[in-house]
1. Suppose each label sits 7 Å from its Cα in the direction of the beta carbon; what would the residue 133-residue 70 distance come out to in nanometres?
2. Using 7 Å Cα-to-Cβ label points, what is the residue 24/residue 63 separation (nm, one decimal)?
3. Once the Cβ-Cβ distance between residue 41 and residue 15 is put in as r, and R0 is 35 Å, what FRET efficiency do you end up with, to the nearest 0.05?
4. Give me the number: length gained by fully extending residue 2 to residue 126, i.e. 0.36 nm times residue separation minus the C-alpha to C-alpha distance, one decimal in nm.
5. Give, as ranges by residue number, the residues of region 7-23 whose backbone N falls under 19 Å from the point 7 Å along Cα→Cβ of residue 56.
């Protein structure tokens with residue numbers, strides 16, 4: 001739970017609280033506007049819509065914190081095999097992210113999975129068909 005006191009989380013907490021307060025204030029403003037002489041049914045609809053947006057923001061905020069906790073727990077689980085974990089290296093050049101490299105599986109790992117082998121056979125067939133079509137166009 002201490003991670004939610006980190007600067008990035010504190011900024012998110014402040015933003016969400018401010019957004020919820022603004023949404024509730026907008027709902028109250030629409031309510032007063034609806035009761036005025038120039039108000040109408042549309043203002044009443046907005047008066048109910050803004051608090052719903054505020055509730056949605058709170059639910060999304062809580063869900064984000066829950067997902068962050070859940071993600072960290074699954075990353076730390078020792079029972080996970082290395083193949084299930086995603087490992088990637090960020091390639092940087094001149095202060096910019098150029099690309100991401102991932103470990104290339106060996107041919108034995110690829111051939112061991114029948115779905116991957118079937119998919120590779122399908123891609124090879126499509127590539128051969130494309131090459132045949134391209135050679136006829138020349």
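The numbers here are math on the coordinates, done by the rules we state, and not lab data. No experiment lies behind these values; they were computed from the predicted model shown. Note: ideal-geometry Cβ built from the backbone for every residue, glycine included; neighbour counts use all protein chains shown.
1. Output for this residue pair reads 4.1 nm.
2. 2.2
3. Values: r = 32 Å, r/R0 = 0.92.
It comes to 0.60.
4. Working: separation 124, 0.36 × 124 = 44.64 nm, distance 5.22 nm.
Full extension from residue 2 to residue 126 adds 39.4 nm.
5. Label zone hits: 15-23.
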